Amino acid sequence: MGIFSVLALPLLLLGISGIIYIYQSVRWLLSKSAVQNKVVVITDAISGLGKECSRVFHAGGARLVLCGRTWEKLEALYDALISVTDPSMTYAPKLILLDISDISCIRDVAKEILNCYGCVDILINNASMKVKGAVQSISLELDKKIMDANYFGPITLTKAILPNMISRRTGQIVLINSIQGKIGIPFRAAYAASKHAAVGFFDCLRAEMEEFDISVSTVNPTFICSYHRQPTPGNWEASIWKFFFRKVSYGVHPVEVAEEVLRTVSRKKQEVLMANPIPRAAVYIRTFFPELFFAIVASGIREKLKTEEEN
């Protein structure tokens, strides 16, 4: 009886773990089957996150249309995808040159995208441009460039694809955005502004498209980690500001984001916030206790400036 009592808890935990694993595996397989034969457009497919999204959707049997700024990188991605999958179970991706920040060419590129298969089932707006610096040091031209890449580019492409979805009364639009569409972080004003604008647009679009059975989803990760980047301790690592926003410790890997995008598409989630507890708490503090949030941000800025002066 004593031995059974000792083994009961570990066996119970092992059984529960097995059930959870099987459940998650089944859900993952269902997520992949949900995109089989679907026409999926991915912008900036040659970025780290774009490559991972391409990989999971290609493995799921989607008919991919991959967009990027560099033809050689698109071809390299194409070769990488077809080399690791069964050609009888997947479709060879279509490749399209697209600079999402070049607004004047997007409508023509959208026609080229539609000509690939005659329709688009899922549009994944992934392209993004970042800039870091004090407001007074960033030129207005660079502000506009950031807005073109992160706001005007995605909405222009979305508007160009939308009539096709409306006429078929089906489709899904995904915006891969950022937690900075929810909270503004100092020294990233232009980036945060563009992400806030995108969230506002796609929130409105979601409500307007409901009557046409078109789903609109936004995925908001924190900092997306590099494949090879390692944590580097800073001189103000222990500050309140770092406690809330240190990047590497609370970032997410491109593989995680890509898999969440696939789940979002299969379950038609409206909004996803990919954040660990501390950055997630920051979003809620900003919403319900704005004065506290602003005080924390101001404290972090003062400490950063003090540290720079000491160095």
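The values are calculated or read from the model by the stated rules, or taken from the named source; none is laboratory data. On a predicted model such as this, the values are computed, not experimentally measured, just so you know. Note: ideal-geometry Cβ built from the backbone for every residue, glycine included; neighbour counts use all protein chains shown. Areas reflect the complete protein model, heavy atoms only, side chains present, ligands, DNA and RNA absent. Shrake-Rupley method; radii C 1.70, N 1.55, O 1.52, S 1.80 Å.
Restricting attention to the range 82-89, does a residue exist that is in contact with a Ser or Thr (Cβ under 8 Å, 6 or more places away or on another chain) and on the phi > 0 side of the Ramachandran plot?
We begin by selecting, within the range 82-89, every residue in contact with a Ser or Thr (Cβ under 8 Å, 6 or more places away or on another chain); these are 82.
Right, trim to on the phi > 0 side of the Ramachandran plot and you get none.
Taking every residue of the range 82-89 in turn, none turns out to be in contact with a Ser or Thr (Cβ under 8 Å, 6 or more places away or on another chain) and on the phi > 0 side of the Ramachandran plot.
Taking P163, is it open to solvent by less than 30 Å² (accessible area, probe 1.4 Å) and either in a helix (DSSP H, G or I) or at pLDDT 95 or above (or both)?
On the way: open to solvent by less than 30 Å² (accessible area, probe 1.4 Å): no; either in a helix (DSSP H, G or I) or at pLDDT 95 or above (or both): yes.
Against the criterion (open to solvent by less than 30 Å² (accessible area, probe 1.4 Å) and either in a helix (DSSP H, G or I) or at pLDDT 95 or above (or both)), P163 does not qualify.
In the range 111-146, what count of residues is obtained for those that are charged (D, E, K, R) and in a helix (DSSP H, G or I)? Full working, then the answer.
Residues of the range 111-146 that are charged (D, E, K, R), as a first pass: 111-112, 121, 130, 132, 141, 143-145.
Among the residues that remain, those that are also in a helix (DSSP H, G or I) are: 111-112, 141, 143-145.
Looking only at that region, the number is 6.
Can you tell me which residue within the range 204-227, out of those that are small (G, A, S) and either open to solvent by 40 Å² or more (accessible area, probe 1.4 Å) or touching a His at 6+ places or on another chain (Cβ under 6 Å) (or both), is modelled with the highest pLDDT?
Result: A207.
Go through (1) surrounded by fewer than 24 Cβ atoms within 10 Å (Cβ to Cβ); (2) in contact with a His (Cβ under 9 Å, 6 or more places away or on another chain) for E72 and report which single condition fails.
Evaluating E72 over (1) surrounded by fewer than 24 Cβ atoms within 10 Å (Cβ to Cβ); (2) in contact with a His (Cβ under 9 Å, 6 or more places away or on another chain) leaves (2) as the failure.
Please go through the range 89-104 and give me each residue that is closer than 18 Å to I176 by Cβ and either open to solvent by 30 Å² or more (accessible area, probe 1.4 Å) or within 18 Å of the chain's Cα centre (by Cα) (or both), ordered by number.
Of everything in the range 89-104, those that are closer than 18 Å to I176 by Cβ and either open to solvent by 30 Å² or more (accessible area, probe 1.4 Å) or within 18 Å of the chain's Cα centre (by Cα) (or both) turn out to be D99, I100, S101.
If you go through the range 81-110, how many residues are part of a helix (DSSP H, G or I), over 25 Å from L142 (Cβ atoms) and touching a residue at least 12 places away in the same chain (Cβ under 8 Å)?
Filtering the range 81-110 down to residues part of a helix (DSSP H, G or I) leaves 81-83, 103-110.
Pick out the ones that are also over 25 Å from L142 (Cβ atoms) and you get 81-83, 108, 110.
Add one more test, that the residue is touching a residue at least 12 places away in the same chain (Cβ under 8 Å), and what stays is 81, 110.
Of the residues in the range 81-110, 2 are part of a helix (DSSP H, G or I), over 25 Å from L142 (Cβ atoms) and touching a residue at least 12 places away in the same chain (Cβ under 8 Å).
How about the range 33-59: which of its residues are buried (at least 19 other Cβ atoms within 10 Å of the Cβ), without any contact (Cβ under 8 Å) to a residue 60 or more places away in the chain and closer than 16 Å to V261 by Cβ?
Matches in the range 33-59: S54, H58.
State all residues of the range 105-144 that are more than 27 Å from Y91 (Cα to Cα), open to solvent by 100 Å² or more (accessible area, probe 1.4 Å) and out of contact with any helix residue (DSSP H, G or I) (no Cβ under 7 Å at 6 or more places or on another chain); if no residue qualifies, say none.
K132, Q136, L140, E141, K144, listed by residue number.
Is there a residue being exposed (fewer than 15 other Cβ atoms within 10 Å of the Cβ) and either aliphatic (A, V, I, L, M) or modelled with pLDDT of 95 or more (or both) anywhere in the range 174-186?
Scanning the range 174-186 turns up no residue that is exposed (fewer than 15 other Cβ atoms within 10 Å of the Cβ) and either aliphatic (A, V, I, L, M) or modelled with pLDDT of 95 or more (or both).
Take the conditions modelled with pLDDT of 75 or more, of a type outside the set (V, I, T) and not in a strand (DSSP E or B) and apply them to S194. Does it pass?
Details: modelled with pLDDT of 75 or more: yes; of a type outside the set (V, I, T): yes; not in a strand (DSSP E or B): yes.
Taking the combined requirement at face value, the residue satisfies it.
Got a number for residues in the range 60-69 being more than 20 Å from R263 (Cα to Cα) and either in contact with a His (Cβ under 9 Å, 6 or more places away or on another chain) or assigned to a loop (DSSP other than H, G, I, E, B) (or both)? Break it down stepwise before answering.
Going through the range 60-69, the residues more than 20 Å from R263 (Cα to Cα) turn out to be 67-69.
Then drop every residue that is not either in contact with a His (Cβ under 9 Å, 6 or more places away or on another chain) or assigned to a loop (DSSP other than H, G, I, E, B) (or both), which leaves 69.
Result for the range 60-69: 1.
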